[in-house]
Every structure is written in C-alpha cells, then in structure tokens.
Amino acid sequence: MTTARGRTSAGLLPVRVGEAGAIEVLIAHMGGPLWARKDDRAWSIVKGEYDLGTEEPQAAAAREWREETGSAPPAGEWFDIGTVRQSGGKVVQAYVVLVAGDIDVDLSAGARVMMEWPPRSGRQVTFPEIDRVEWCGLDVARRRLVAAQSGFLDRLGELA
C-alpha cells in the first residue's frame, strides 16, 4: 500500500538447518515473463504490501504468505528481523520462522497478476506472482535475492 511514508511490505523468511548443518532459507522466484530467464536478483522473500494504518506487519506477512503460496504460514515462533529499503523506495519488514524439514506450498492456488504481454500487444495475460520456491544456502540466497533483501540474511546470525 502507499502511505505518507511510502510503500510498505511485510514478509516471511522460513529458515531451517540443512542436512550438512548449514542454514538454509526458503525464497520465492518472481513469476511472469520479465523474470522467467533470470536467476540472480530475481528472487524475494514471500511478501506483499499492506497499509500501516489498518494492518499490523506480522498479520500482513501471514496474509501474504497464504495469498502467494496458497498455503498456511509455517508453524513455529516468528522473529522480527527488521526492515530494508529496496531500490524503488519500498520498505520491507521481515520475520523469520524456524522450521524443521520441508514446507508444503500449493503455488497453483497462489495469487496471480494480469499484465499486457507481449508489451504493446493489447493482449492481457495472467501469471503467478511467484512461480517457484526453493530452499537454498545463504551464499546462493545472497546472489538470488533482490539486493536490499540480502540484508535480512546478515541478520540471521543475531538470532543465534
């Protein structure tokens, strides 16, 4: 949503300890043709916009998780890891949830967006907001995530 302070989003970053004892995070690849062939900087935490005046960020993060993944947020204790400001000015509030094992998501039930594609064709096409999710180590996530969001990875050490 747009507020007097600019656009705000809230999201959730599931974290687990992988087989080799390394920390892994679950991130989402942005859907649609603009991102289809991109990997670096084409991923995000599962997040979405909210209105600061009418919704709490943690509630917004849970709502967005349900909307975008088609599934309930993972069970577990949530930890606030602060905010980052993305290059377009949007402020993103994130929460970490520690999970054991895998997470089931139903992306076929997730949110979709409509856009003109190809550009200037007059043809409206619907695409999923996110087209896949993947567990990955911190080094891979740092390369894949939208640049500002890698700041969330830096904060994971503060939870230990």
Note down the relative contact order for the chain as a percent, whole number, built from C-alpha pairs under 8 angstrom at least six residues apart.
31 percent
For region 48-57, in residue order, the Karplus 3J(HN,Hα) values (coefficients 6.51, -1.76, 1.60; θ = phi - 60°; whole Hz; Gly and Pro = x) are x, 6, 8, 9, 4, x, 10, 9, 6, x
Need one word for region 1-128: rounded, prolate or oblate. Basis is the Cα gyration tensor (sqrt eigenvalues a ≥ b ≥ c); a/c below 1.5 gives rounded, then a/b vs b/c decides.
oblate
Take the Cα atoms of region 1-55, build their convex hull, and give its volume per residue in Å³.
122 Å³
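Throughout, read-outs are computed from the coordinates displayed, never taken from laboratory work. On a predicted model such as this, the values are computed, not experimentally measured, just so you know.
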